[in-house]
Structures are given as structure tokens and as C-alpha cells.
Amino acid sequence: MAAEIKKEIQLEIAHVLFTDIVGYSKLPIHQQRAVVERLNEIVRGTDEFQAAETAARLIKIPTGDGITLVFYHSPEEPVECALEISRGLKKHPELQLRMGIHSGPVTGVIDATGKANVAGAGINIAQRVMDCGDARHILLSKHVAEDLEEYPHWQPHLHELGECEVKHGVRVSVVNLYTAELGNPAVPEKLKAARIAAAARRKRAAFRWLSLGVVSLLAVIAVIGFLLFRYRRPLTTVELPVPEKSIAVLPFENRSEDKANAYFADGIQDEILTRLSKIADLKIISRTSTQQYKSAPENLPEIAKQLGVANILEGSVQKAGNQVRVNVHLVNVQTGSQLWAETYDRKLSDIFVIESQIAKGIVESLQAKLTGREEQALAAEPTNNPEAYDAYLRGLAFEARSNYSSEALFKAIDFYGLAVQLDPNFALAWARLSGAHALLYFNRGDATTARRDAAKEALENAQKLQPNSPESLLFVGYYQYWVQRDYELAKTTFEHVSKMLPGNAEVSYALGAVARREGLWDESVAYWERGLALDPRNTALLIEVAWTYAALRQFPTALKLYDRALDIVPNELSLMALKASIYQAEGNLQEAAKLLAQVNAQTNSDVVVRIKLAQLRLERNQTEAIRFVQAREAQLHFASGIDKGMKQGGLALIQRVAGDTASAKAAAEQARNTLEPLSKDQPGNALVAAALAVDYAILDEKSSALNEAQRAITLVPSSKDGLSGPGYEENLALVEMIIGENSRAISTLTRLLQTPYGGWLYNPAPITPELLKLDPIWDPLRADPAFQKLCEEKQP
């Protein structure tokens, strides 16, 4: 090479786009030539290529299985070019390309033939960045991404991936660039493998420390840290330092004469928290942890200790006609001093000004640092229509009730719909409206095209109005999660939002839920616990963590977490029932019975009733179970849709276990008549398919039963949903047993005993040897030695 060089060009900073055709070497020679020609044609057609070539500021280097372009004007040039190439490739799916971009020093050379060539770190690192990706990825070096972050229009499309190890052990920090249509949002396989390997190394390292028996203080701390990470057993004796810039906003007292205005006071508190949660320099406790406290409590030091904060904001709201008075005061609980207080008497139309000024007063009092973007967020006004805002606050109030019950969600939809009707430019209301529709589609038995389209339309309106707002992006993530069920894409979106809303526990909640669906159990718990740091008394979060440990069959830890939740809301029947389900999974029916003693036919909670009926079945008290269901029969008349079909099918199963075959078939026939029209209307609803499968099995329609059970598994496979997927396999085992395919049922159960998941019959717990041993539902398998062996296995 040295002999070929005639002249060396000076060192310059260049912006390099390195491309590579994936699978090129496996193609026949004639196809290799064709795909390279097609790639050349697409590249030469891009505006950036033509503009740079016209300005004589472009070097094009063929690399055999790709092309390298060297730009000199701006780091945006290779990025714009990559996106345009990606757009052109959509018409040519046979051409799978990956791209890497870096800005760095290059040395230009002219070889003996007069052709331009380049070398240097800029080229090498661009190639290494590209090597981290898969087909359709556009990966940037961290250096390029930081340059692009200066431009607001690039910010929503930059997604940090962390470090990737390439040749010779070199590590490069990479950022994934993609839009809604272009690029590849998936985490590259190389990074996935590295994360798994790193997790394995951490575990091995931790165990090596344990085996060494190191007794120094640092080693003890390391061991405790590992155990906390691995088993997540909450330790209440360790007190961490309280951050000085930490704050809890207690519920605002409603001083309006009309007590129905309580939603307005709650909404003011919620909106102030929303503004504060965007400030990275503050630790904000979420509303779900503070709403249990009354306004103006006397025991502020104790509350601050429970929430782990140094400061508390109290306030009151009085609304009368078009006027509103808001009174607030900020207290440093550690010193007992009042840091700031203010009273605002304004028109209702000035409510956003009030919220903004309160947030600014808190920031100034706590001397928090603000970025320019955070200052803008504090001053934002989501709507200029007071009536639309009032409807939005009413929607928030309904959405927060009863842990997203379907009835509350329908009312929330009505009020969000009214808000956007009054102000079609109200982006935040559109986003919330999309989220409510998406949740109904996901797990409220309404997986209809109409519901999906309503969620999509509302989200599109939010994005048109505020495409880069964290709230719009948050509900983009929920749409990807709940409607598209693209968990990897949703996770990427939520991770991006978490950087924009550092104090928002809801994002950690969402990340934990998505990671759990992906089967990343430890990662899921880590996200839940990050949320608990921001929301320490959020019982919903505690329940989710406990649910996760139940799915992992780590029952002692799950019990402790339910106890933590019960310390916050003592004697809460739903929590007591969930705790009872863990005792059932362990085979401890006596403790479960104590917790379920208050449950009766009038109990208004399907989850609690289901766990009570499981208890009666496990106790082999089928007479009481049938009496219990008959006492609730009147409520069945008020049920509709999938809820009604599931209850009719549940009754059929109870009657079958009790030996009343005729009644069981009659109930299964009713369930089938309810569910079959739903199946036609919602062909993608796995829950309907699974419930129908059991009804067909009870009706001796074996072929239909197996087809529906398998269809449910196909719709939600374990490979794509680690939480619910195996539950549909458990349903298949039940169907196989009912139709007499005992060996197949035992084979399915054997596999499931080694799998973490959310159970079908015993949700949240998966099947366990104790449940198989106790539950009469499995009696048809009991004489089989293979099943007896399963019942005697030690808890995995």
C-alpha cells in the first residue's frame, strides 16, 4: 500500500457513514453484484450524496459488501443520508443493510490510480459502531449523538444503548437512531448477549465472594448488596440518608362549598407533581404514595420518614364559580421551618399560571438547578380552555379510582373525550384518552378493532400536536405495549421517556411490566424497586413486585411484600386474598383460610372471589363452593361480554369437579353461547379462545377444545410473553386432562413446573407440586405414577 501512495492530504475531522449488507457472503456471486448495484443506486439518489458530491466534499469508498461515505460539512449529513437510504430500502426488502456513523479524524490519501481514499480513527470507529448492529440498524457513536442532541428535532429519535464490545476488546458507546418508520428499534443481538453475559458474570463474581468467606466490613456490605439484588427481601432496619432536595406534595384540602369539587383539588396536586417530576435535580414522591394521608396532618415528621423526604408541601383549594383560591406552604421537616408560603386568588382561567408559580416557588426554595428544557416544562399551559381542563381533571380522577376498573375507565374516556371536544388542541387529554382505550383493549376484554382504532386515532392527534412531549411519548409506549404488544419497542420508548421524566414513578412501573413480559425477571424487579424509591407507599407497585416473586415461586419474599402493602392499608380484602393465594401455592390452607374468612357472596371483587373459590376447591368443599356461586347468581345477570362468559365457564368447572356432569354441561353451553360471538368479533383475543377451549372440553367437543387452546397459545406464545404465555399452556394442560389426553397433560405440567409465569388457575401463582397434590381438578391424573412423581417434587 505504501508504494501506491503518491500524496497525503491533511488530517481533518470527517463525518463517516459506514454500511454493510447483512448476509452478503452467503449470496450467490450474481446476486452479490446485483445487491451492490442496487445499493449504489439508492445511495447516489440521496440528496445528501448529491449535494456533497456537487460541493466536492464527499469521498465514496466501496468496501465489497457495502459503501463508506465520508462527509466534511456537518454531523447531520451522514445521519440524513442514512435515513434516506433506509427509506429507499423499504422498497427492496431483499437488501438488508446495517449502518454505523461516527465523527472523527481521518487522513485522506490519493493512490496511484488517482482515486481518493481515507484512513484513520474516524473510519475505524464508524465500522466498529456498525459492527454492533443488526439489519436495519442505524447506530451512532456517543460523540455524534451528543452533537445531534443540540438540535431539538433529533432528540426524540436518539436512544442510548450503552457500551458494546467489538474487535480486540475495544468498547464503544452506541446510540440507536430510529423514527416511527425508519431504522430498527430493537436492541442489537450483540448487546443483548453482552447484557446476559454481564449478568452471569456478576452472579458468578458474587458467589465467588461468598465462597471466600471474607469477613471485612466491605465484604459483608457486598454480600448484603448481592442478596438484596438477587432476592429483594425488604430490610426495614437500614435507613438511607434523606436527600435535601426531596419533596412530597400532600393531598390538597378541598375548601369549596361544593364537596364534589374534590376532584379539582386532587387535580391541582397531580399537575404540580407532573411539573416537578420533570426536574432531574429533585426527588419527587408520587401522588399514589401521598394520597393516603389527609390534608394538613399533625405528624409531618413521621410522614416524611415514611416517604423518605426532607420537605413537604401542603395546600388547600377553594373553587367558587369562575374564581379559585390556592394556598400553599412548604416545610422543611428536618428543621421544622417554613421555607415558603403563598396564597393565590385568581380567575379559573389562570390556573396554569398558579400551578407554574407554585412549582417555581418550590424549585427556588430548594435551590434546584434547572435546564432550559425544564424551565419551559414548568411554564407550559396544556390548554387555554378552562372547561376542557375541568373535564380533563375529572377524567384523571376516574382513571385513578379502583385500580383502573373498567367502569372507571369508561367514565375517564367520557371526560377525556369531552376535554378534546372542547379543545381539539389539548394534546395531553388526547394522550390520556389513547391510554384509556389501549388499556381496555389490552386486558379488559375489549380487543375489538373499534377500540384499537380509537386508541390509535387519539394517539395520532396527541403526536401531531406535541410529537416530542414526554407525555405523548409515554402513551406511545403504552400503545406499543398494550395494543401492538411489541414489548421490546415499548421498552425502548419508556427508557427514553424515563430520561425526560426522571421523577416519574409511572415510567418505572411501565418498564417493570414490559421487562416481565419479556421474561427478564430480575430486570423487572429492578425497575419496580426504582419506582418504589420514588413511590415508597404505592401499594399497586408493591403488589406488582409481589406478583413477580410469586411468578418466580419465591413465595416467602412475595408474602413479605404483601405484608408491607397491608401495613399501609390494613385489612384491605384484596391484599389479604392475594396473600392467601401464596399460602395456597405453598399448601398452607390453614393460613389461607384465616385471610379469606371475611369473603362472602356479597364481596364485590372478582379477584377475591376467585381466590375464595380456589380455597373451597382445594379444601374439597365442593358443596360450599356451589352454594357460594349460587348465592352470587344474581350478579351474573348484570355481567356481560367476556366477564359473563368467564363466570359461566367457571361455574361449569366447579360443577364438573363436584361430579354434576349434567349441570356442568348446561353451564358450559351457556358460556359457549356467550363467548362464540365474541370470538368472531375479537379473533385476536387469546383470553376468549382459552375460555372457549375449556367449555368445548366440558361439552366433549375434543377437536374444537384443542384447536381453541392451541390458538390461544399461538396468539400469546411464551417466547413473546413470558408472563402470560405459559398460563395459556397451563390452560392447554387442563383441556388435555378433561378430554382424556392424560399423558399430554402431564407432559405439559412437567414443563410448567420449571417455568416462572403468572398462573391460569391460581393467578398470581403458577402451578406448584402442592397445588397439584391438593386440587381435585387434577384427580383424573392422580392414579398415574408420572403425576404422583410431580406431586412429590420439591418446590423448584
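Overview of results
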| item | result |
| --- | --- |
| Shape call, the stretch 639-796: gyration tensor on alpha carbons, a/c limit 1.5 | oblate |
| For A341, distant residues with modelled amide H under 5 Å away | L330 |
| Three-way shape label, the chain, alpha-carbon gyration tensor, a/c 1.5 | oblate |
| Other-chain or far-sequence residues with amide H under 5 Å of A14's (modelled H) | G104, V106 |
| Partners for K190 among aspartates and glutamates (Cα-Cα distance below 14 Å; same-chain residues under 8 apart left out) | D131, D134, E163, E165 |
| Portion, in percent, of the accessible area of the chain that falls on carbon or sulfur, probe 1.4 Å | 51 |
| Net charge, G531 excluded, C-beta distance under 9 Å - Lys, Arg +1, Asp, Glu -1 | -3 |
| Table column - 3J(HN,Hα) (Hz), the stretch 180-191, Karplus curve with 6.51, -1.76, 1.60, x for Gly and Pro | 5, 10, 10, x, 10, x, 5, 5, x, 4, 4, 6 |
| For the stretch 502-584: rounded, prolate or oblate by the Cα gyration tensor [a/c cutoff 1.5] | oblate |
| Of K278/K464; K560/K612; K491/K612; K283/K411, those spanning more than 26 Å from alpha-carbon to alpha-carbon | K491/K612; K283/K411 |
| ³J(HN,Hα), Karplus 6.51/-1.76/1.60, whole Hz, each residue of the stretch 499-516, x for Gly, Pro | 6, 7, 10, x, x, 9, 6, 4, 5, 5, 4, 5, 4, x, 5, 5, 4, 5 |
| Amide H contacts under 5 Å for V249, placed H, 5+ residues apart | I285, L313 |
| Total charge dipole magnitude, the chain, about the Cα centre, Cβ charges on Lys, Arg, Asp, Glu only, Debye to nearest 20 | 1780 |
| Å² per residue, accessible surface of the stretch 315-433 at 1.4 Å | 48 |
| Lys/Arg +1, Asp/Glu -1 at C-beta; the stretch 437-558 dipole; positive extreme among A510, P467, A540 | A540 |
| Over 32 Å (Cα to Cα) - which of K499/K794; K647/K773; K192/K789; K369/K456; K456/K702 fall in this group | K499/K794; K192/K789; K369/K456; K456/K702 |
| The stretch 693-708 - phi-based ³J(HN,Hα) in whole Hz, Karplus 6.51/-1.76/1.60, Gly and Pro as x | 4, 5, 4, 4, 4, 5, 7, 6, 8, 4, 4, 5, 4, 5, 4, 5 |
| Residue-normalised accessible area of the stretch 596-676, given per residue in Å² at a 1.4 Å probe | 49 |
| Cα centroid separation - the stretch 452-489 against the stretch 718-754, whole Å | 34 |
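The values are calculated or read from the model by the stated rules, or taken from the named source; none is laboratory data. Being a predicted model, the structure only gives us computed values, none of them experimental. Quick reminder, even Gly has a Cβ in these numbers, built from the backbone with ideal geometry, and neighbours come from all protein chains shown. Remember, those area values only see protein heavy atoms, side chains included, never the ligands or the DNA or RNA. Shrake-Rupley method; radii C 1.70, N 1.55, O 1.52, S 1.80 Å.
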